[in-house]
Amino acid sequence: MNENRVSYEKIHEEFCDFIDSCGKFSFYTRSTEMQHQKVSECEKYLGIIKQYKLQVIEKNNEYAANQFFHMQCMINALKSSLFMWIDLKKNDFENSWTHLLDAQEYTSIALKVSDYEGVRNLEARLKCARKIPFFQDGKNITPLALLKP
């Protein structure tokens, strides 16, 4: 019966591998089809993390529950980041902007639970993404593709 147990360390290692794999697709130049596949993987992985979180909540392990919540936030941030690039390529600039803001909010929440280099790297990448494809004049967000030289 104990052989079905998975250690937190193993779960965390798999989580780190998963978010690293997501980061590889969070660029404008990546295949939209591959980005959609990674979004689907995120949704499936979120279900797994939620199950782990429920198990530790049942055991009143608040620390572990918070760590799993952190993982959910990070996966949701990466999923929103992927959607941002997908929508940007479809010229759906409003939804792309909304997904970017969602990704930043998820990252901000994740930082409140656990602050480490990987989260800070994602935060920095999202700040860069906010500057690159969008022009902000204080009032409006305009896709750079629509600005005339």
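What to note about this one:
- Being at pLDDT below 95 and touching a helix residue (DSSP H, G or I) at 6+ places or on another chain (Cβ under 7 Å) holds for only one residue in Ser81, Ser26, Ser31, and it is Ser26.
- Scanning the stretch 69-110 for residues that are charged (D, E, K, R) and farther than 19 Å from Lys38 by Cβ gives Glu94, Glu105.
- Against the criterion of being modelled with pLDDT of 95 or more, surrounded by 19 or more Cβ atoms within 10 Å (Cβ to Cβ), assigned to a helix (DSSP H, G or I) and not hydroxyl-bearing (Ser, Thr, Tyr), Lys38 qualifies.
- The single condition among (1) surrounded by fewer than 20 Cβ atoms within 10 Å (Cβ to Cβ); (2) under 10 Å from the mean Cα position of the chain (by Cα) that Glu117 does not satisfy is (2).
- Among residues of the stretch 60-72 that are surrounded by 15 or more Cβ atoms within 10 Å (Cβ to Cβ), those with a Cβ under 7 angstrom from a residue that is among the aromatic types (Phe, Trp, Tyr), sequence gap 6+ or separate chain, pair up as Ala64/Tyr8; Phe68/Tyr52; Met71/Phe15.
- Any hit, the stretch 53-74, residues being in a loop (DSSP other than H, G, I, E, B) and at negative phi: yes
- Test: Leu88 is assigned to a helix (DSSP H, G or I) and surrounded by fewer than 16 Cβ atoms within 10 Å (Cβ to Cβ): no
- Only one entry in Leu122, Leu100 is more than 30 Å from Ala64 (Cβ to Cβ), under 12 Å from the mean Cα position of the chain (by Cα) and modelled with pLDDT of 90 or more, namely Leu100.
- Test: residue in the stretch 127-135 that is at pLDDT below 95, surrounded by 20 or more Cβ atoms within 10 Å (Cβ to Cβ) and part of a helix (DSSP H, G or I): yes
The values are calculated or read from the model by the stated rules, or taken from the named source; none is laboratory data. Quick caveat: nothing in here was measured; it's all calculated off a predicted structure. Backbone-built Cβ (ideal geometry, glycine too); neighbour counts: all protein chains shown.
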